[in-house]
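Undergrad: Would you mind keeping the following structure in view while I ask a few things?
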Amino acid sequence: MVHSVISGALKAFHHLQFGDLAELIQQKHLLGLKAALCIPTLNEEGTIARIVETLRKALVDDHALLDELVVIDSGSTDRTRELAADAGAEVVLSSAILPFQGSRPGKGENLWKAVHHCQSDLIAFVDGDIRNIHPRFVTGTLGPLLLDPEIAYVKGFYERPLLAREGVDPRGGGRVTEILVRPLFDRFCPELAALHQPLAGEYAARREILEAIPFPTGYGVETAHLIDVWRRHGIRAIAQTDLDERIHRNRSLADLGRMSDQILDAFLPRFLDPSSQRSERPPMISVAEYRERFPAAAARFRKSA
C-alpha cells in the first residue's frame with residue numbers, strides 16, 4: 001500500500017515509495033496497461049544520449065516498465081536525433097506526425113503529437129536537458145497512476161539549483177513559477193497553488209485525460225494542462241511526487257520572459273478573456289485520424305458527443 005501526504009485535497013508522494021520496480025511492473029500487468037515515455041527535444045545533443053541510455057537500461061532492458069521510449073524532436077539542427085537513436089530511443093520528427101494537421105513550433109506541439117504517436121495507456125514525459133538523469137524521474141510520476149486509480153495526472157517537483165556568478169543557489173531555480181505562475185494560481189485557482197513545481201517537465205497522465213484537453217503549442221502547455229484537468233476532474237485527480245533534485249541548464253532572463261508570455265497566453269483565456277486565445281491545438285480526441293488509430297478513443301468520443 002502506497003500512502004500519500006495530503007495537502008488540502010492534493011496528494012503528495014516521494015519517489016522512494018515507487019522504488020520497487022517489480023511491484024510497479026506487476027501492477028501494470030495486473031491492470032492490463034502499457035506505459036510510454038516521451039522526451040520532447042530541440043537541440044539537446046549535450047544530454048540526450050545519457051538520458052536515453054540511462055532510462056532505457058533501467059526501465060526497458062533491466063526492468064520492463066516502459067513499453068515505448070520515444071524522442072519527439074522539433075527539428076534539431078545539432079546531433080540530437082542521431083544520438084538519441086544510437087542510444088536506443090525511437091526518434092520521430094514532430095512534423096512527420098499527423099502531417100495533414102501541419103506543424104507548429106513549440107514544446108506543446110511535441111506533446112500533442114506524442115498523444116497521437118504513442119500507443120500506451122499511460123504517457124510519461126521528461127525534458128531533454130536533465131543533467132542528473134535517474135529512473136526516479138519516470139517511476140515517481142508513473143507510480144501513483146499504477147497504484148492509485150483515483151489519480152489521473154502526476155507532476156514531479158524537486159529542488160532546482162541556480163548557477164549564478166556568486167555561486168550556487170540550491171533553491172534559486174523555478175523563477176517563473178514563483179514570480180508569475182504561483183501568484184496567478186493563488187488568485188484564481190488556490191487549490192493548484194499547492195503544487196510545488198507546476199511548470200515541471202516531468203509528469204505523467206492517463207491517455208483519456210490527455211486526449212480530452214487542448215494543448216497550447218508553446219511553454220504554456222503545462223499551465224493549461226493543470227487548469228483544464230482541475231476543472232474537469234477536480235484536485236483529487238492531480239498528485240505530485242518529490243523527485244529530490246533536478247540539474248539542468250538555467251535559462252536567460254530573456255528566455256524566461258518569452259516563456260512567461262506564452263504562459264499568459266494559456267492562462268488568460270481560461271480565466272479572464274476567452275477571445276485572447278492564440279495558438280492551441282484542439283483536444284486530440286476531436287481529430288478524426290486519432291479516433292481511427294484508437295478505437296477505444298472513438299468510443300469515448302461518441303459517448304461524450
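The values are calculated or read from the model by the stated rules, or taken from the named source; none is laboratory data. No experiment lies behind these values; they were computed from the predicted model shown. Using ideal geometry, Cβ is built from the backbone for each residue, glycine included, and neighbour counts are taken over all protein chains shown. These accessible areas exclude ligands, DNA and RNA; they are computed on the full protein's heavy atoms, side chains included. Shrake-Rupley method; radii C 1.70, N 1.55, O 1.52, S 1.80 Å.
Undergrad: Does the stretch 195-214 hold any residues that are of a type in the set (Asp, Glu) and open to solvent by 20 Å² or more (accessible area, probe 1.4 Å), and which are they?
TA: Residues of the stretch 195-214 of a type in the set (Asp, Glu): 202, 208, 211.
Residue satisfying the conditions is GLU208 alone.
Undergrad: Would you tally the residues in the stretch 143-159 being buried (at least 24 other Cβ atoms within 10 Å of the Cβ) and either touching a helix residue (DSSP H, G or I) at 6+ places or on another chain (Cβ under 7 Å) or free of Cβ contacts under 8 Å to residues at least 60 places away in the same chain (or both)?
TA: So the answer is 5.
Undergrad: Here's something else I'd like to know. Can you go through ILE213, ILE247 and tell me which one is modelled with pLDDT of 95 or more and outside any helix (DSSP H, G or I)? Lay out the reasoning, then the answer.
TA: On the way: ILE247 fails: modelled with pLDDT of 95 or more.
Sole residue among the options that is modelled with pLDDT of 95 or more and outside any helix (DSSP H, G or I): ILE213.
Undergrad: Now a separate question. Restricted to the stretch 274-305, and to residues that are part of a helix (DSSP H, G or I), hydrophobic (A, V, I, L, M, F, W, C) and over 17 Å from ALA114 (Cβ atoms), which residue is least open to solvent (accessible area, probe 1.4 Å)?
TA: ALA298
Undergrad: Now for a different question. Of all helices (runs of 4 or more DSSP H) completely enclosed by the stretch 1-89, which ones contain at least 2 residues that are over 21 Å from HIS116 (Cα atoms) and either within 21 Å of the chain's Cα centre (by Cα) or of a type in the set (Phe, Trp, Tyr) (or both)? Walk me through how you get there before you give the answer.
TA: Details: elements: 21-31, 48-56, 80-87.
Where helices (runs of 4 or more DSSP H) fall fully within the stretch 1-89 and carry at least 2 residues being over 21 Å from HIS116 (Cα atoms) and either within 21 Å of the chain's Cα centre (by Cα) or of a type in the set (Phe, Trp, Tyr) (or both), they are 21-31, 48-56.
Undergrad: Would you confirm whether or not the stretch 91-104 contains a residue that is surrounded by 21 or more Cβ atoms within 10 Å (Cβ to Cβ), at positive phi and either part of a loop (DSSP other than H, G, I, E, B) or among the charged types (D, E, K, R) (or both)?
TA: No, the stretch 91-104 contains no residue that is surrounded by 21 or more Cβ atoms within 10 Å (Cβ to Cβ), at positive phi and either part of a loop (DSSP other than H, G, I, E, B) or among the charged types (D, E, K, R) (or both).
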